[in-house]
1. Might you let me know whether the range 54-68 holds any residue that is within 15 Å of residue 132 (Cβ to Cβ) and under 11 Å from the mean Cα position of the chain (by Cα)?
2. So, in the range 98-136, how many residues would count as being free of Cβ contacts under 8 Å to residues at least 24 places away in the same chain and farther than 14 Å from residue 40 by Cβ?
3. Out of the residues in the range 2-20 that are under 17 Å from residue 138 (Cβ atoms) and touching a residue at least 60 places away in the same chain (Cβ under 8 Å), state the one that is surrounded by the most Cβ atoms within 10 Å (Cβ to Cβ).
4. Among 116, 132, 111, 101, which is the only one that is in contact with a helix residue (DSSP H, G or I) (Cβ under 6 Å, 6 or more places away or on another chain) and either assigned to a helix (DSSP H, G or I) or surrounded by 12 or more Cβ atoms within 10 Å (Cβ to Cβ) (or both)?
5. Pick out the one residue from 72, 48 that is modelled with pLDDT of 95 or more and touching a helix residue (DSSP H, G or I) at 6+ places or on another chain (Cβ under 9 Å).
6. Take residue 39 and decide whether it is within 16 Å of the chain's Cα centre (by Cα) and assigned to a loop (DSSP other than H, G, I, E, B).
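The values are calculated or read from the model by the stated rules, or taken from the named source; none is laboratory data. Note that the coordinates shown come from a computational prediction; the quantities given were computed from them, not determined experimentally. Neighbour counts are summed over all protein chains in view; Cβ atoms, including those assigned to glycine, are modelled from backbone coordinates with ideal geometry.
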């Protein structure tokens with residue numbers, strides 16, 4: 001399988017990714033827990049069918065010490081006991097924020113209130129930004145059919 005378009009080639013792609021990656025660095029360096037950040041990126045990527053990002057973030061999470069059990073249960077997180085209440089709240093906002101077109105109104109007040117119990121305003125800003133960023137990455141990769149499987153942790157940074 002080969003991508004339809006080399007996103008990292010030419011003049012436009014590298015410039016666009018430099019800006020997106022700069023925004024991503026702000027989120028990465030935020031107080032939002034790193035484990036939560038990876039779970040959010042993986043879950044949104046699963047929903048969006050982005051093999052490239054799912055591959056990347058499961059490998060990054062594993063390299064950072066995430067367990068196979070939690071990664072294997074992420075798609076069924078509602079029925080799993082291995083996630084904290086804070087992670088569950090972040091995953092709910094992630095799903096609702098990723099599936100905006102599927103549900104009128106986007107993220108519900110209930111989901112937002114639950115997340116606000118666990119995260120302060122800076123962390124919530126990071127969470128919302130992360131959800132938006134990973135959805136953008138997912139769309140870029142899905143549109144050009146960027147293939148999955150070859151990513152090695154740290155290869156982009």
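1. Within the range 54-68, not a single residue is within 15 Å of residue 132 (Cβ to Cβ) and under 11 Å from the mean Cα position of the chain (by Cα).
2. 14
3. By that ranking, first place goes to 7.
4. Testing whether each residue is in contact with a helix residue (DSSP H, G or I) (Cβ under 6 Å, 6 or more places away or on another chain) and either assigned to a helix (DSSP H, G or I) or surrounded by 12 or more Cβ atoms within 10 Å (Cβ to Cβ) (or both) leaves just 111.
5. Just a single option satisfies the conditions, and that option is 48.
6. No.
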